[in-house]
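Colleague: Quick one: the structure is below, questions incoming.
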Amino acid sequence: MKIKVLKDQHRKAWNQAVADLPDTTFFHLVEWQNVISGSYGFTPYYLYAEDCTGICGILPLYHVHIPLLGSSLMSTPLGVYGGAVAVSTDIQAQLEDAAVEQAEKLSVGHLELRNVKRRRDGWAVNEAYSSFQRELYADEEANLLAIPRKQRAEVRKGIKAELSTRVHRDVGGFFQLYARSVRDLGSPIYPKRYFQLLLDVFPKHCDIHTIYKADQPLTTVLNFYFKDTVLPYYGGGIADARNHSAFPFMYWELMRISAQQGYRHFDFGRSLKGSGAFSFKKNFGFRAQPLNYQYQLISAKKISGADPDNPVHKMFSRLWRYLPLPVANRLGPLVSRMIV
């Protein structure tokens, strides 16, 4: 068995391995190279294990350089999940060892693997985030009843408000609504080009749902589809959305439509423990599953990064909310490099 770096002529074989191997995610697909390199310029190093039967393990990596914070080798930036996937834990370990060697060659500060489960003894672990997943049923009423009573009442409120859903691929309309929402929350927006690339590169794996009250857009969410799972990933809305329960209605509509199309799992993504999003997902009937992001120091003495729970980050977030929207949209793509 050999560990190799992916070349363009083997991209199809890589995606076949993503389809065949257990525990792969949307973030393991090779097209992410086009999205991440095209929007941020990060250099990909896709490692794979090959034996006489073909590719038997994969590990997507990116060389990420952030001004003032240094560089890292990461799997996978902008993704909830990442890390090595293989037919055996031994091959996973060999891929991880090869990642350490690559990180040393690049002289990065640290290696980061966004694992679901803790895998390497002695490596630092970030357990600040949890993911939320549960089954979708073929029966619409069963999906509705799976939502706890209080939140189900909010969904019904949205239904009674005669909200409507538009499924589309209009990045401009999505970006306008989403950018205002993240500014109001104190977060910088990703580049508009990044969202456009997602829809262009993944035409069968992405769409946008926007919720309207008459002709007024209230909320919007960009979704990923992979195997039998739907993953709402970038969502936001205006302040008036809460008056109509548009957020609960939007996620219910996504569940309902996805179940009709044959998807059987709903992945609510990750949230910081103790955050409002964390509570919202729990109230929707989802159980928190701790994520185990692991780090191996290379040239750095400690992990550098934007810790969402530190006082400096919280002060920055409060100040960001007061920026005029055009200014936030201009500065956001530059600042967002620090939170990939």
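Colleague: For region 1-60, name all the residues that are basic (Lys, Arg) and part of a helix (DSSP H, G or I). Talk me through it step by step, then tell me what you get.
Modeller: Our first condition is that a residue be basic (Lys, Arg); within region 1-60, this holds for 2, 4, 7, 11-12.
Selection gives 11, 12.
Colleague: Another question about this same structure. Run down 222, 177 and say which single residue is in a helix (DSSP H, G or I) and either at pLDDT 95 or above or out of contact with any helix residue (DSSP H, G or I) (no Cβ under 6 Å at 6 or more places or on another chain) (or both).
Modeller: Working: 222 fails: in a helix (DSSP H, G or I).
Answer to the selection: 177.
Colleague: So for region 193-208 (the condition being closer than 25 Å to residue 316 by Cα, assigned by TED's automatic domain parsing to the domain that holds residue 156 and surrounded by fewer than 19 Cβ atoms within 10 Å (Cβ to Cβ)), does at least one residue qualify? Please lay out each step first, then the result.
Modeller: Our first condition is that a residue be closer than 25 Å to residue 316 by Cα; within region 193-208, this holds for 193-195.
From what is left, the residues that are assigned by TED's automatic domain parsing to the domain that holds residue 156 are 193-195.
Okay, now just the ones that are also surrounded by fewer than 19 Cβ atoms within 10 Å (Cβ to Cβ), so 193.
Yes, because at least one residue in region 193-208 is closer than 25 Å to residue 316 by Cα, assigned by TED's automatic domain parsing to the domain that holds residue 156 and surrounded by fewer than 19 Cβ atoms within 10 Å (Cβ to Cβ).
Colleague: Tell me yes or no: at least one residue of region 276-290 is at positive phi, at pLDDT below 95, out of contact with any Lys or Arg (no Cβ under 8 Å at 6 or more places or on another chain) and of a type in the set (Gly, Ala, Ser).
Modeller: Scanning region 276-290, I find no residue that is at positive phi, at pLDDT below 95, out of contact with any Lys or Arg (no Cβ under 8 Å at 6 or more places or on another chain) and of a type in the set (Gly, Ala, Ser), so the answer is no.
Colleague: Still on this structure, please answer the following. Look at region 318-334 and say how many of its residues are surrounded by fewer than 16 Cβ atoms within 10 Å (Cβ to Cβ) and under 22 Å from residue 64 (Cβ atoms). Quick ask: steps written out before the conclusion?
Modeller: Kept after step one, since they are surrounded by fewer than 16 Cβ atoms within 10 Å (Cβ to Cβ), are these residues of region 318-334: 318-319, 321-322, 324-327, 330-331, 334.
Going one step further and asking which of them are under 22 Å from residue 64 (Cβ atoms), we end up with 331, 334.
Total satisfying the criteria: 2.
Colleague: Only one of 231, 222, 185, 218 is surrounded by fewer than 19 Cβ atoms within 10 Å (Cβ to Cβ) and in contact with a strand residue (DSSP E or B) (Cβ under 9 Å, 6 or more places away or on another chain); which? Don't jump to the end; show me each part of the working.
Modeller: On the way: 231 fails: surrounded by fewer than 19 Cβ atoms within 10 Å (Cβ to Cβ); 222 fails: surrounded by fewer than 19 Cβ atoms within 10 Å (Cβ to Cβ); 218 fails: surrounded by fewer than 19 Cβ atoms within 10 Å (Cβ to Cβ).
Just one listed residue meets the conditions, 185.
Colleague: When you look at residue 277, is it touching a strand residue (DSSP E or B) at 6+ places or on another chain (Cβ under 7 Å), outside any strand (DSSP E or B), surrounded by fewer than 23 Cβ atoms within 10 Å (Cβ to Cβ) and not basic (Lys, Arg), yes or no? Can you show your working first?
Modeller: Values: touching a strand residue (DSSP E or B) at 6+ places or on another chain (Cβ under 7 Å): yes; outside any strand (DSSP E or B): yes; surrounded by fewer than 23 Cβ atoms within 10 Å (Cβ to Cβ): yes; not basic (Lys, Arg): yes.
For residue 277, the condition - touching a strand residue (DSSP E or B) at 6+ places or on another chain (Cβ under 7 Å), outside any strand (DSSP E or B), surrounded by fewer than 23 Cβ atoms within 10 Å (Cβ to Cβ) and not basic (Lys, Arg) - is met.
Colleague: I'm trying to understand the selection: among the residues of region 102-140, which are closer than 21 Å to residue 301 by Cα, buried (at least 17 other Cβ atoms within 10 Å of the Cβ) and not aliphatic (A, V, I, L, M)?
Modeller: Passing the criteria: 102, 109, 110, 112, 114, 120, 123.
Colleague: Within region 127-145, take every residue that is over 21 Å from residue 264 (Cβ atoms) and not in a strand (DSSP E or B) and give me the one that is modelled with the highest pLDDT.
Modeller: We begin by selecting, within region 127-145, every residue over 21 Å from residue 264 (Cβ atoms); these are 127-130.
Next, from what is left, pick out any that are not in a strand (DSSP E or B): 127-128.
On the way: 127: 88, 128: 91.
This residue is 128.
Colleague: Further question on the same structure: If I go through region 141-167 residue by residue, how many of them are in contact with a Ser or Thr (Cβ under 9 Å, 6 or more places away or on another chain) and crowded, with 18+ Cβ neighbours inside 10 Å?
Modeller: Counting residues in region 141-167 that are in contact with a Ser or Thr (Cβ under 9 Å, 6 or more places away or on another chain) and crowded, with 18+ Cβ neighbours inside 10 Å gives 4.
Colleague: Show the residue pairs that are 6+ apart or on different chains and have beta-carbon atoms under 9 Å apart, the first residue being within region 155-172 and closer than 18 Å to residue 198 by Cβ and outside any helix (DSSP H, G or I), the second being modelled with pLDDT of 95 or more and charged (D, E, K, R).
Modeller: Close Cβ pairs (under 9 Å, with a partner that is modelled with pLDDT of 95 or more and charged (D, E, K, R)) amount to 167/207; 168/207; 169/207.
Colleague: Still on this model: Does residue 251 satisfy the condition of being among the aromatic types (Phe, Trp, Tyr), under 19 Å from residue 164 (Cβ atoms) and within 17 Å of the chain's Cα centre (by Cα)? Full working, then the answer.
Modeller: Working: among the aromatic types (Phe, Trp, Tyr): yes; under 19 Å from residue 164 (Cβ atoms): yes; within 17 Å of the chain's Cα centre (by Cα): yes.
Yes.
Colleague: Hey, another quick one. Just checking, which of 148, 191 is at pLDDT 95 or above, farther than 20 Å from residue 268 by Cβ and not acidic (Asp, Glu)? Break it down into steps so the answer makes sense when it comes.
Modeller: Values: 148 fails: farther than 20 Å from residue 268 by Cβ.
Exactly one residue qualifies, and that residue is 191.
Colleague: Can you tell me which of 263, 295 is hydroxyl-bearing (Ser, Thr, Tyr) and in a loop (DSSP other than H, G, I, E, B)? Please lay out each step first, then the result.
Modeller: Details: 295 fails: in a loop (DSSP other than H, G, I, E, B).
None of the other options fit; the residue is 263.
The values are calculated or read from the model by the stated rules, or taken from the named source; none is laboratory data. Owing to the predicted nature of the structure, the values given are computational and were not obtained by experimental measurement. Neighbour counts are summed over all protein chains in view; Cβ atoms, including those assigned to glycine, are modelled from backbone coordinates with ideal geometry.
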